[in-house]
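Participant: Submitted below is the structure of interest, expressed as structure tokens.
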């Protein structure tokens, strides 16, 4: 039990360090982060983002309670399976460009890169429920944008520190994620 608690503490610190110094996390500690932790970061971030989208729409009368629940599960799928698909696409492109990172490493890194989004949407969820604000765009999209810095650090590692390629891939992946939210959330 103690070992599990120590592992969970390490994983939480690693996830939070992804905001402050993502390159260090990517290079030194990512292999030790368990799959469930990395998937739960992006899964929970997108679950809360889509839940806020549904709550915002419900508040203005354009979505039913069932739609809100549906959006919530759609967010969970986007944050887990969707994130894995975007990571796999980036992996395929990086392989064409000579990258050698394994696919499982890349999926875990992509999921952890959404730690800033998780923090932003958590704060947004609090304001959504306590103050009645519509928060999906203000907090959710902002959080997804803040996740681009750690995502770029992951992509730089994947592409052998090639900044131009990693910036292009960050833009592509970020655009895919935001585009999917816009298409699915409306």
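The values are calculated or read from the model by the stated rules, or taken from the named source; none is laboratory data. Quick caveat: nothing in here was measured; it's all calculated off a predicted structure. Every residue, glycine as well, gets a Cβ built from its backbone with ideal geometry; the counts of neighbours run over all protein chains shown.
Participant: Among 85, 103, 151, which is the only one that is over 16 Å from residue 50 (Cα atoms) and over 16 Å from the mean Cα position of the chain (by Cα)? Lay out the reasoning, then the answer.
Facilitator: Values: 85 fails: over 16 Å from the mean Cα position of the chain (by Cα); 151 fails: over 16 Å from the mean Cα position of the chain (by Cα).
Of the residues listed, the single one that is over 16 Å from residue 50 (Cα atoms) and over 16 Å from the mean Cα position of the chain (by Cα) is 103.
Participant: Please specify each residue of the range 21-38 satisfying the condition of being within 12 Å of residue 111 (Cα to Cα), modelled with pLDDT of 75 or more and in a helix (DSSP H, G or I).
Facilitator: 35, 36, 37, 38
Participant: Within the bounds of the range 98-118, is there any residue that is in contact (Cβ under 8 Å) with a residue 24 or more places away in the chain, part of a helix (DSSP H, G or I) and either in contact with a strand residue (DSSP E or B) (Cβ under 7 Å, 6 or more places away or on another chain) or more than 20 Å from residue 81 (Cα to Cα) (or both)?
Facilitator: No, the range 98-118 has no match at all.
Participant: Return the only residue of 165, 121, 144, 93 being touching a residue at least 60 places away in the same chain (Cβ under 8 Å), surrounded by 23 or more Cβ atoms within 10 Å (Cβ to Cβ) and touching a helix residue (DSSP H, G or I) at 6+ places or on another chain (Cβ under 8 Å).
Facilitator: On the way: 165 fails: surrounded by 23 or more Cβ atoms within 10 Å (Cβ to Cβ); 144 fails: surrounded by 23 or more Cβ atoms within 10 Å (Cβ to Cβ); 93 fails: surrounded by 23 or more Cβ atoms within 10 Å (Cβ to Cβ).
Checking each option against the conditions leaves just 121.
Participant: Residue check, residue 128 against (1) within 20 Å of residue 84 (Cβ to Cβ); (2) buried (at least 21 other Cβ atoms within 10 Å of the Cβ); (3) in contact (Cβ under 8 Å) with a residue 60 or more places away in the chain, all met but one. Which one?
Facilitator: (1)
Participant: What's the number of the condition residue 137 fails, among (1) within 19 Å of the chain's Cα centre (by Cα); (2) modelled with pLDDT under 95; (3) surrounded by 20 or more Cβ atoms within 10 Å (Cβ to Cβ)?
Facilitator: Of everything listed in (1) within 19 Å of the chain's Cα centre (by Cα); (2) modelled with pLDDT under 95; (3) surrounded by 20 or more Cβ atoms within 10 Å (Cβ to Cβ), residue 137 misses just condition (3).
Participant: Check off (1) modelled with pLDDT under 95; (2) surrounded by fewer than 17 Cβ atoms within 10 Å (Cβ to Cβ); (3) farther than 26 Å from residue 155 by Cα for residue 63 and give me the number that stays unchecked.
Facilitator: Residue 63 satisfies every listed condition except (2).
Participant: How many of the residues making up the range 168-182 are over 21 Å from residue 20 (Cα atoms) and surrounded by fewer than 22 Cβ atoms within 10 Å (Cβ to Cβ)?
Facilitator: Of the residues in the range 168-182, 8 are over 21 Å from residue 20 (Cα atoms) and surrounded by fewer than 22 Cβ atoms within 10 Å (Cβ to Cβ).
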